[in-house]
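Undergrad: Starting off with a structure, shown below.
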Amino acid sequence: MDNLKGMGWMTLAMLGFALGDTFVKLTLGALPVGQVIAVFGFGGALVFGAWAVLKGEKFFDRNLFTLPFVLRLVSEVVGTTSFIIALASIELSLLSAIIQANPLLVTLGAAVFLGATVGWRRWVAILIGLVGVLIIVRPGLAGFDVNSLWALGAAIGLTGRDLTTRAISRDVSTLLLAAWGFVAAGVSGVILLLVTGGATLPDGLLTLQLTGALIFTLVAYYSVTAAMRVGDIPIVTPFRYTRLVFALILAFFVFGERPDMWTLIGAAIVIATGLYTLWRERVAAA
């Protein structure tokens, strides 16, 4: 294992995701959410699907559609749709802070649904981390934005995607998983667009922004895979939290966002408990 390369790939992936999110948010003022999801979904499906076929893999295979695979597609739709709606509705910095709860939710879900063993220390860390999420969202208080619930929906959907991925046979390639995930997102975008209407032909600038979002996200997907393959998972996974750092920088310079003190405190709690949980998992596995 080359952990230095793994950390580099993971950091590059998080930069790619943050840049992709930024470009998507730039388009959402001019294009409807459904159209952005559809373009993004089918664009990613085309790239990953073609890549899989060129490697000799069978794209249309009924044996793929096991229950975990279908549940993963559903989770992908929930996560992606909620994420894009959140991008259109709330600040990038707020969304990115809430999404950092994903590793904690994966540990929680693995214990509840997959029978993973989680010691009391990690349970305490998860509970404290969820308190951090509540501090960010602040339900019932003056700073509460109901649209932040879309970010929670995104975190839950992405957690479901990660959990169901663990239950899918390793014979199913990452390329096929990614391609079909993008297909599902694209279909959901079309359905949403049919309901809301408002489709429009993007101009040159919007086309460049959509293309940039797709390219950066595809680079990020590839980089995550590379990171997991060349480095030890417990060592490279904590570098997922660099996404928030990149998102805060981009949100400040591109959108002029300045997250308040409570958002930063909540994000710090979520990240600290997430890192502790990852460390305890490493200790438990030793």
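Undergrad: Quick one: how many residues across the stretch 230-244 are assigned to a helix (DSSP H, G or I), in contact (Cβ under 8 Å) with a residue 24 or more places away in the chain and open to solvent by 50 Å² or more (accessible area, probe 1.4 Å)? Outline the logic, then answer.
TA: Within the stretch 230-244, the first condition is being assigned to a helix (DSSP H, G or I), and the residues that meet it are 230, 233-244.
From the residues that got through so far, the ones that are in contact (Cβ under 8 Å) with a residue 24 or more places away in the chain too are 230, 234-244.
Right, trim to open to solvent by 50 Å² or more (accessible area, probe 1.4 Å) and you get 234, 239-240.
Total meeting the criteria: 3.
Undergrad: In addition: Could you give me the residue pairs with C-beta distances under 8 Å whose first residue belongs to the stretch 49-67 and is in contact (Cβ under 8 Å) with a residue 40 or more places away in the chain, whose second residue is open to solvent by 50 Å² or more (accessible area, probe 1.4 Å) and part of a loop (DSSP other than H, G, I, E, B) wherever it lies, and which are 6+ apart or on separate chains?
TA: Note: pairs meeting the criteria are Thr66/Ser169.
Undergrad: Also: Considering the stretch 18-45 alone, what residues qualify as being modelled with pLDDT of 95 or more, under 30 Å from Val245 (Cβ atoms) and among the aromatic types (Phe, Trp, Tyr)?
TA: Hit for the stretch 18-45 is Phe23, nothing else.
Undergrad: Going by what's in this entry, would Thr200 be described as outside any helix (DSSP H, G or I), open to solvent by 20 Å² or more (accessible area, probe 1.4 Å) and of a type in the set (Val, Ile, Thr)? Talk me through it step by step, then tell me what you get.
TA: On the way: outside any helix (DSSP H, G or I): yes; open to solvent by 20 Å² or more (accessible area, probe 1.4 Å): yes; of a type in the set (Val, Ile, Thr): yes.
So Thr200 passes the test.
Undergrad: Now for a separate question. Which of the residues belonging to the stretch 165-190 are in contact with a Pro (Cβ under 6 Å, 6 or more places away or on another chain) and open to solvent by less than 20 Å² (accessible area, probe 1.4 Å)?
TA: Ile168
Undergrad: Given the residues Leu149, Leu105, Leu114, Leu127, which is the only one that is closer than 29 Å to Thr27 by Cβ, open to solvent by 70 Å² or more (accessible area, probe 1.4 Å), of a type in the set (A, V, I, L, M) and free of Cβ contacts under 8 Å to residues at least 60 places away in the same chain? Walk me through it before giving the result.
TA: Values: Leu105 fails: open to solvent by 70 Å² or more (accessible area, probe 1.4 Å); Leu114 fails: closer than 29 Å to Thr27 by Cβ; Leu127 fails: closer than 29 Å to Thr27 by Cβ.
So the residue among Leu149, Leu105, Leu114, Leu127 that is closer than 29 Å to Thr27 by Cβ, open to solvent by 70 Å² or more (accessible area, probe 1.4 Å), of a type in the set (A, V, I, L, M) and free of Cβ contacts under 8 Å to residues at least 60 places away in the same chain is Leu149.
Undergrad: I'm trying to understand the selection: among the residues of the stretch 67-102, which are touching a Gly at 6+ places or on another chain (Cβ under 6 Å) and open to solvent by less than 30 Å² (accessible area, probe 1.4 Å)? Outline the logic, then answer.
TA: Applying the first criterion (touching a Gly at 6+ places or on another chain (Cβ under 6 Å)) to the stretch 67-102 yields 75-76, 78-79, 82.
Selection gives Ser75, Glu76, Gly79, Ser82.
Undergrad: Follow-up question, since we're still on this one. Output the residues belonging to the stretch 2-38 that are under 16 Å from the mean Cα position of the chain (by Cα), polar (S, T, N, Q) and open to solvent by 30 Å² or more (accessible area, probe 1.4 Å).
TA: Thr11
Undergrad: Only one residue in Leu193, Leu205 is free of Cβ contacts under 8 Å to residues at least 40 places away in the same chain and open to solvent by 30 Å² or more (accessible area, probe 1.4 Å), so which one is that?
TA: Of the residues listed, the single one that is free of Cβ contacts under 8 Å to residues at least 40 places away in the same chain and open to solvent by 30 Å² or more (accessible area, probe 1.4 Å) is Leu205.
Undergrad: All but one of (1) modelled with pLDDT under 95; (2) surrounded by 19 or more Cβ atoms within 10 Å (Cβ to Cβ); (3) closer than 24 Å to Thr242 by Cα hold for Phe48; which doesn't?
TA: All conditions pass for Phe48, except number (3).
Undergrad: Next question. Working only within the stretch 247-279, note down all residues that are open to solvent by less than 50 Å² (accessible area, probe 1.4 Å), more than 22 Å from Ile135 (Cβ to Cβ) and in contact (Cβ under 8 Å) with a residue 40 or more places away in the chain.
TA: Leu250
The values are calculated or read from the model by the stated rules, or taken from the named source; none is laboratory data. As the structure is a computational prediction, the values presented were derived from the model and not from experiment. As a convention, Cβ positions derive from the backbone with ideal geometry for all residues, glycine included, and neighbour counts pool all protein chains shown. Note: areas computed on protein heavy atoms with side chains; ligands, DNA, RNA excluded. Shrake-Rupley method; radii C 1.70, N 1.55, O 1.52, S 1.80 Å.
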